[in-house]
1. Quick check: anything in the stretch 44-61 touching a strand residue (DSSP E or B) at 6+ places or on another chain (Cβ under 7 Å), assigned to a strand (DSSP E or B), under 23 Å from residue 214 (Cβ atoms) and at pLDDT 85 or above?
2. Name the pairs: first residue in the stretch 71-82 and without any contact (Cβ under 8 Å) to a residue 12 or more places away in the chain, second residue more than 10 Å from the ligand (Cβ to nearest atom) and part of a loop (DSSP other than H, G, I, E, B), Cβ to Cβ under 8 Å, at least 6 apart or on different chains?
3. Given (1) within 15 Å of the ligand (Cβ to nearest atom); (2) part of a loop (DSSP other than H, G, I, E, B), identify the lone condition not met by residue 173.
4. Considering only helices (runs of 4 or more DSSP H) fully contained in the stretch 265-377, which possess at least 1 residues that are at negative phi and at pLDDT below 90?
5. Name, by its number, the condition in (1) within 16 Å of the ligand (Cβ to nearest atom); (2) within 29 Å of residue 296 (Cα to Cα) that does not hold for residue 157.
6. Against the conditions (1) on the phi > 0 side of the Ramachandran plot; (2) more than 12 Å from the ligand (Cβ to nearest atom), where does residue 127 fall short? Just the number, please.
Ligand SMILES: C[S@@+](CC[C@H](N)C(=O)[O-])C[C@H]1O[C@@H](n2cnc3c(N)ncnc32)[C@H](O)[C@@H]1O
């Protein structure tokens, strides 16, 4: 029986998951166009949910949380839209503006400093763009894992989370190594696939139970995550980017640039649930009612088909955004596990593979799942 490899992996993942910090060239703030587009695509669902919430509950202080907020322009984008919708609605109903309490949550290693520095600008924008009589807005950072309790009982009215819940709380406990792979791949052993699925079930159930405690009855929650189109666990939907990274790391092992054991003990805590899995878990946990559950696709560099053909004129541009986005997300994990020295080489090779015409024939769509929920009594 192969040795479980949990201990080492848990230590690695708990320390290293965060997006590239700051506002520099490789920062998440400057390389999250794909995630921005996803927030824009889900806008109609989010707007409907906040408007329905405000139609049924009009609290004096509206408490809104964004979970897995990261840092950069996306952090305030969804929050701004939510406030704008409420403000328009209260104006049309002739109601006094609520005050807003905004909670921005991410793991403690997130770059909260960059967020806090942009709070004054965000508040200024609210004052300039909201209707007369707009209420006060308070912004608070909440460091911690959303798989645990983060807020007092029945204290939240609305929760938004985008592109964060496909990150598991930890790397699943595996009975055998996921040799040559860094995620739940088609070629992963069945026990590895089962471990990933079980970890997601456990995590998402915990997430719902915690939020069930923290939200008021009638509160609303809109969650978007990378997902998959079919119920089959190992479809390639959206995982090509990890396959390319596996390929790069395997080549570097073959050339003696990375130790094989290092690669074998590196796994990502990434899981893409299906609509069926989400539905089942929400129903089983029981705190929330599903109002909407939608699946849609986006090109992995954040551009749609029309825009891509424009950009494809230059091979470099096609790869440029994908590599930048990938790097902003996984660089800290790679540095933590393999060391700083391999990073430039990894992303150089990554770019070469995706700019290869053969590789560009691959289905490079990300599948997203959005679920809109209401907290039951
Ligand atoms: C890809 S970013 C998405 C950021 C932002 N919501 C957006 O749409 O651009 C995912 C974020 O989720 C955070 N995250 C992952 N697991 C988390 C957890 N258990 N608790 C809180 N945040 C978590 C990561 O640290 C990261 O900042």
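1. Yes, the stretch 44-61 contains at least one residue that is touching a strand residue (DSSP E or B) at 6+ places or on another chain (Cβ under 7 Å), assigned to a strand (DSSP E or B), under 23 Å from residue 214 (Cβ atoms) and at pLDDT 85 or above.
2. That search, which allows pairs on different chains as well, returns nothing.
3. (1)
4. Numbers: elements: 275-285, 305-312, 315-338, 343-355, 357-360.
Those helices (runs of 4 or more DSSP H) span 305-312, 315-338, 343-355, 357-360.
5. So residue 157 meets the others, but not (1).
6. Unmet for residue 127, out of (1) on the phi > 0 side of the Ramachandran plot; (2) more than 12 Å from the ligand (Cβ to nearest atom): (1).
Residues checked against (1) modelled with pLDDT of 90 or more; (2) in contact with a strand residue (DSSP E or B) (Cβ under 6 Å, 6 or more places away or on another chain); (3) more than 12 Å from the ligand (Cβ to nearest atom); (4) farther than 27 Å from residue 91 by Cβ:
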{"site": "116", "(1), (2), (3), (4)": "yes, no, yes, yes"}
{"site": "132", "(1), (2), (3), (4)": "no, no, yes, no"}
{"site": "140", "(1), (2), (3), (4)": "yes, yes, yes, no"}
{"site": "146", "(1), (2), (3), (4)": "yes, yes, no, yes"}
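One line per residue, one yes/no per condition, for (1) touching a helix residue (DSSP H, G or I) at 6+ places or on another chain (Cβ under 8 Å); (2) over 17 Å from residue 326 (Cβ atoms); (3) outside any helix (DSSP H, G or I):
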{"position": "203", "(1), (2), (3)": "no, yes, no"}
{"position": "222", "(1), (2), (3)": "yes, yes, yes"}
{"position": "225", "(1), (2), (3)": "no, yes, yes"}
{"position": "241", "(1), (2), (3)": "yes, no, no"}
{"position": "248", "(1), (2), (3)": "yes, no, no"}
{"position": "257", "(1), (2), (3)": "yes, yes, yes"}
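The values are calculated or read from the model by the stated rules, or taken from the named source; none is laboratory data. A quick note: this is a predicted structure, and the numbers were derived from the prediction, not measured. A quick note on method: Cβ atoms are made from the backbone with ideal geometry, for glycine too, and the neighbour counts reach across all protein chains shown.
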